[in-house]
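> Below is the structure I would like to discuss, written out as structure tokens.
The values are calculated or read from the model by the stated rules, or taken from the named source; none is laboratory data. What you see is a predicted model; the values in this text were computed from it and never measured. Virtual Cβ from ideal backbone geometry, glycine too; neighbours counted across all protein chains shown.
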Amino acid sequence: MSTATRAGPERTGPGRSGPGRRAQPLLHRRPDLRRAGLLAPALAWLGLLYLVPLGFLLATAFFDTDSFTGRITYTLTPDNVVEVLTDPAYLLTAARTIGVAVGVTVLCVLLALPLATYMALVARPRARPVLVALVLTPLWASYLVKVYAWRILLAEGGPLGGLTPGYGWVAVVLALTYLWLPYMVLPVYAGIDSMRGSFLEAAADLGARPWTAFRTVVLPMLGPAVAAGSVFTFSLSLGDYITVQLVGGTNQMLGNLVYTNFSTDLPFAAAVALLPLLVMAAYLLTIRRTGALSRL
């Protein structure tokens, strides 16, 4: 009596004949398609959550608000934009805002250079990760907690007593410098750390002393790293409004104008928001030539 062996269908691995398997040769021949496929989700997310709302915001600047009902009237008019770009009061506020952002950036550079130099060139290798973690530690604390801490320190009856400058532009620059300093330290540290094994040794072999090597080799090559850090310190200071409210006294920046007009006159607030956008666009186009954007 013979027994017949029933042969079942040949089993194939998952996805061997699916669309993904058939697309592999095409993706292998076209690296541009692979890059597009990898970037598509991130670009879609960026477009939906950032670029599209930003486009609506810019379009809102060319609308108007009904003075009786307070509702937006969707009739195109350049009045808000023209007023913001020509009124001396708003231009003065923009100049003050840029001045604060520049002051914070310069102070961050002056503080970050010696700190990053010590971390990259002086500290022991085992201590460097610890120092980097200590630099990042303030970023883990709440923004409001840090600003209120500075408000207490700068108060006339606070811990500093008569040494405090009080509330005003000096307090705003000091508080913002503390908030955004880590964003300057990390790129500068990375820039110096990348030179430690090659450029500095070559300078030492040619007879340069440590200070001479730092002044003639390290500092000229730190331009892109400093510019990369300044993107964060400058832009974050340019759009800040909470710190100014808490430690700025009666002073205000562009962010405060946007915040105060947002609920009552949205088109005008959107027109004011054009100013920091234009400033940042000009700033990014300027530092693009330094190669700093590739280090972000």
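> Residues 107, 131, 111, 136: which one is out of contact with any strand residue (DSSP E or B) (no Cβ under 9 Å at 6 or more places or on another chain), surrounded by 12 or more Cβ atoms within 10 Å (Cβ to Cβ) and closer than 21 Å to residue 255 by Cβ? I'd like the intermediate steps shown before the answer.
Numbers: 131 fails: closer than 21 Å to residue 255 by Cβ; 111 fails: closer than 21 Å to residue 255 by Cβ; 136 fails: closer than 21 Å to residue 255 by Cβ.
Among 107, 131, 111, 136, only 107 is out of contact with any strand residue (DSSP E or B) (no Cβ under 9 Å at 6 or more places or on another chain), surrounded by 12 or more Cβ atoms within 10 Å (Cβ to Cβ) and closer than 21 Å to residue 255 by Cβ.
> Please pick out the residue among 127, 120, 133, 112 that is under 20 Å from the mean Cα position of the chain (by Cα), more than 28 Å from residue 171 (Cβ to Cβ) and at pLDDT below 95.
Of the residues listed, the single one that is under 20 Å from the mean Cα position of the chain (by Cα), more than 28 Å from residue 171 (Cβ to Cβ) and at pLDDT below 95 is 133.
> Given the residues 69, 93, which is the only one that is hydroxyl-bearing (Ser, Thr, Tyr) and either buried (at least 19 other Cβ atoms within 10 Å of the Cβ) or within 15 Å of residue 181 (Cβ to Cβ) (or both)?
Working: 69 fails: either buried (at least 19 other Cβ atoms within 10 Å of the Cβ) or within 15 Å of residue 181 (Cβ to Cβ) (or both).
Every option except 93 fails the conditions.
> Right, next: Working carefully through the options 278, 200, 219, 284, find the one that is at pLDDT below 85, assigned to a helix (DSSP H, G or I) and surrounded by fewer than 16 Cβ atoms within 10 Å (Cβ to Cβ).
The unique qualifying residue is 219.
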